[in-house]
1. Could the peptides 294-307, 226-239 be put in order, highest first, of the mean number of other beta-carbon atoms found within 10 Å of their residues?
2. What angle do you read, to the nearest 10 degrees and between 0 and 90, between the alpha-carbon axis of helix 2-15 and the longest principal axis of the chain?
3. In this model, which of 52/102; 81/147; 28/155; 147/186 are farther than 19 Å apart at the alpha-carbon?
4. If you build a Gaussian network model of the chain, linking Cα atoms that sit under 10 Å apart, which residue out of 34, 132, 149 swings the most?
5. Between residue 333 and residue 102, how many nm apart are label points set 7 Å from Cα along the C-beta direction?
6. Mind checking which of 190, 28, 53 has the largest fluctuation in a GNM of the chain, springs on alpha carbons under 10 Å?
7. Give the angle, between 0 and 90 degrees and rounded to the nearest 10, that separates the Cα long axis of helix 335-349 from the longest principal axis of the Cα atoms of the chain.
8. Under a Cβ-Cβ cut-off of 12 Å, what is the net charge of the residues other than residue 282 that fall near it, where Lys and Arg count +1 and Asp and Glu count -1?
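Read-outs: derived from the displayed coordinates by stated rules, not from any lab. Note that the structure is predicted; figures quoted are calculated from it, not measured. Please note: Cβ atoms are built from the backbone with ideal geometry, for glycine as well, and neighbour counts cover all protein chains shown.
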Amino acid sequence: MSQHLSQEIKDFARSLGFDPVKIVRAEKLSDAGSYYESWLAKGYGADMEYLKKDSEKRYTPEKMLPGAKSIIMLGLNYYKKDKEFGENFRIAKYAQGRDYHKVITAKLKKFGKFLEEISGTPHSHFTPLSKSYVDFGPVMERAYAQKASLGFIGKNACVITREYGSFMFLSEIITTLDLTPDEPTKWQGKCGSCTRCVDICPTRAIKPDRTIDSNLCIAYLTIENRGAIPEELRPKIGNWLFGCDLCQDVCPHNVRAKPTHVEDFQSIPVAQQNLSLAQILSIETDDEFTHLFAGTPIMRAKRRGLIRNACVVAGNLKLLDLLPQLRKLAQSDDAMIAEHAQWSIEAITTSTSSPRPPSSHSHSEPL
């Protein structure tokens, strides 16, 4: 019965559009937990205090759902070719479409109802049948994905799958159902001696031992970070306005990346089409920001964070025609924005190199 139920669950997952789906025992991952606690103790979590809250929950399913027996690990491919923006700035691929939290959460709600129906167990707030998460819950999802043989954790800390590479959203359903776990696959991927992701990281955030120092990571600096970007790191941000894909772009395993079948991830929202740095620097209110980015991951940076990032990118690209806007921002009441705008002005005006044309469409393909 357990095996038949497990197969029904996998079939339903695929009917919802999930790509890989694996089932694993809801066991405590002591080794992964020790690694995580050590990572936190070294300060690699930067100022993301939520990572420290109830940290043991992340590798102890029983603490998240009493009576937990199984975890259904789900993957959703989001790969697509980069969108080229006006001044050749870049936004991480995962953020170029609709917010994946919204897309996947809708699927997980349907999944929860399906589990109730096939198990004959109605949901109860006192004894829930399952709990689902997509990147917002205290779950070490990459460790459980690896344990389930959905993929392996690479040196860039991404889960790398055999079928799709690493451009994959992860989500999971912890359940009290006793399901048949998947046997370990014969394919045990590995990075071997390859260090491409380590070598390409401009800020050296990726350590050779598969450790990421968030304090240095461009994705952290441009998204989660609420304060100033350290001045010494700003030139290394390059043209990354939001997030960073460099460590995935160079990964040899991503030759297997396939275009996503999810329509919400395929297209750029209308409000963001033909987006320019000048337009971003002109955003004066949170309402304007929301109009442009509602329903997308870029909302995570908030208005002041995105303007901060745009100032840094403008300085790195030496965009002379943005000086009037930057000078206006340098007079802002927001000290962080004013300081980044002034830095950008100095980066542009003191450069000995020729200014880069603001309308340049030269774009290097991902390595």
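1. Details: 294-307: 19.6, 226-239: 15.4.
Put in order of decreasing packing, that is 294-307, 226-239.
2. Helix 2-15 sits at roughly 30 degrees to that axis.
3. Numbers: 52/102 25 Å; 81/147 30 Å; 28/155 23 Å; 147/186 13 Å.
Violating the 19 Å limit, Cα to Cα: 52/102; 81/147; 28/155.
4. 34
5. Here the modelled spin labels are 3.0 nm apart.
6. With Cα springs under 10 Å in the chain, the top fluctuation among 190, 28, 53 is at 53.
7. Computed tilt is about 60 degrees.
8. Numbers: positive: 303, 328; negative: 284, 288.
So the environment of residue 282 carries a net charge of 0.
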